[in-house]
Amino acid sequence: MKLPRDFYKPLAIGAPAPLRDLPVAPERMIHFLPPHIEKLRAKVPSMVTQVDVLLGNLEDAIPADAKEAARAGFIAVARAVDFGRTGLWTRVNALNSPWFLDDVFEIVAAVGGKLDVVMLPKVEGPWDIHYLDQLLAQLEAKHAVAKPILIHAILETAQGVKNVDQIAAASPRMHGMSLGPADLAASRGMKTTRVGGGHPFYGVLADAAEDGGARTLFQQDPWHYTIARMVDACLANGLRAFYGPFGDFQDEAACEAQFRNAFLLGCTGAWSLHPSQIAIAKRVFSPEVKEVLFAKRILEAMPDGTGAVMIDGKMQDDATWKQAKVIVDLARLVAEKDPDLAQAYGF
Ligand code: GLV
Ligand code: MG
């Protein structure tokens, strides 16, 4: 067992000390950029003002013969653009791929000082995090990177889900996790070709009616269990949980429903793979105005967070004060980035 005292020591001489708390910034959507496509790279300067996190994707969806171009494209865009308060992330190739090592070596060498987070796919257990943790520390030291680069794991294998608690606690470099429903479905042998969302056959059939009338199948969320496990593992360790991709770009209503389930269960944000999903994530992961105004009333009615009061016939106490604080804190964060919401929330 690693000694508690050593947990926050840098893993390489000259590497920055690990952070004790995550940086605070809105992360409602992690927008995926395929960086080998020049036309899309050109849109990044305007994209940066619209998204909370911009991620250069090097892994799945990038063809094998475009892997080097994607890496070079990401480095070029990371160098050229001022990201301000918008997060700059990359999703590197998997640890067992022929590209992982060069992804990490080249990116940290070229733009390590600007990179906030490395997203690591197909994480199976804490050993995967330990390896990248050590490697990043060595590269940070070598290239004099002053701010630690964080790690975000994708939860997308059966083995990873089994080890989710140990993955979350593996390193102070952990930022959080995203659910990867496509790889996870394959890894588990789930019988679906969809990327996230519900399935018409996954449901509960209503009891037979006495008159023999039609019975309704109520669709259930096949991702509920995994999202809840991921949220518990992340939040128990001070990390953030995210819903990953929603593959049907045409079905915006279903995407919104999936994102909203994740938001209500405790997730911070979701991936946007298509520009239309940016607005959906913004809508879903910014707290509702009505909810914020009510939460503010709870905080105002209980200035020290203790006791019990009734507001609009609903009981409030120390616990609901904490629930209200989660919502108001998030609203303040979002308001800093969004003047229209700031006004609606009354800040
Ligand atoms: C994402 O990477 C997924 O596999 O769903
Ligand atoms: Mg995947």
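The values are calculated or read from the model by the stated rules, or taken from the named source; none is laboratory data. Not measured: the values here are computed from a predicted model. All Cβ positions, even for glycine, are placed from backbone atoms using ideal geometry, and neighbour counts span all protein chains on display. Surface accessibility is based on the protein's heavy atoms, side chains included, excluding ligands, DNA and RNA. Shrake-Rupley method; radii C 1.70, N 1.55, O 1.52, S 1.80 Å.
Can you tell me which of ALA228, ALA241 is open to solvent by 10 Å² or more (accessible area, probe 1.4 Å), under 27 Å from ALA25 (Cβ atoms) and not acidic (Asp, Glu)? Exactly one of ALA228, ALA241 is open to solvent by 10 Å² or more (accessible area, probe 1.4 Å), under 27 Å from ALA25 (Cβ atoms) and not acidic (Asp, Glu), namely ALA228.
Please specify each residue of segment 44-58 satisfying the condition of being in a loop (DSSP other than H, G, I, E, B) and surrounded by 23 or more Cβ atoms within 10 Å (Cβ to Cβ).
Here is the first cut: in segment 44-58, the ones in a loop (DSSP other than H, G, I, E, B) are 48-52, 58.
Hits for segment 44-58 are VAL51, ASP52, LEU58.
Could you list all residues from segment 264-282 that are in contact (Cβ under 8 Å) with a residue 24 or more places away in the chain and under 29 Å from GLY313 (Cβ atoms)?
LEU265, GLY266
In segment 104-200, which helices (runs of 4 or more DSSP H) lie fully inside it and hold 1 or more residues that are more than 16 Å from ligand 2 (Cβ to nearest atom)? Lay out the reasoning, then the answer.
Values: elements: 126-142, 158-162, 164-168, 181-188.
Here the list reads 126-142, 158-162, 164-168.
Can you find a residue in segment 59-77 that is of a type outside the set (Gly, Ala, Ser), farther than 30 Å from TRP127 by Cα and crowded, with 21+ Cβ neighbours inside 10 Å? Steps first, please.
If we filter segment 59-77 for residues that are of a type outside the set (Gly, Ala, Ser), which is where we start, we get 59-60, 62-63, 65, 67-68, 71, 74-75, 77.
Now restrict to residues that are farther than 30 Å from TRP127 by Cα: 77.
Still in the list and also crowded, with 21+ Cβ neighbours inside 10 Å: 77.
Within segment 59-77, one or more residues are of a type outside the set (Gly, Ala, Ser), farther than 30 Å from TRP127 by Cα and crowded, with 21+ Cβ neighbours inside 10 Å.
Between ALA253, ALA262, the distinction of being open to solvent by less than 60 Å² (accessible area, probe 1.4 Å), assigned by TED's automatic domain parsing to the domain that holds LYS43 and under 28 Å from THR193 (Cβ atoms) belongs to ALA262 only.
Looking at this structure, is ALA170 out of contact with any strand residue (DSSP E or B) (no Cβ under 6 Å at 6 or more places or on another chain) and either at pLDDT below 95 or surrounded by 22 or more Cβ atoms within 10 Å (Cβ to Cβ) (or both)? Before you say what the answer is, go through the steps one by one.
On the way: out of contact with any strand residue (DSSP E or B) (no Cβ under 6 Å at 6 or more places or on another chain): yes; either at pLDDT below 95 or surrounded by 22 or more Cβ atoms within 10 Å (Cβ to Cβ) (or both): yes.
Criteria met by ALA170.
Restricting LYS325, LYS314, LYS290 to residues that are more than 26 Å from THR226 (Cβ to Cβ) and surrounded by 14 or more Cβ atoms within 10 Å (Cβ to Cβ) narrows the list to LYS325.
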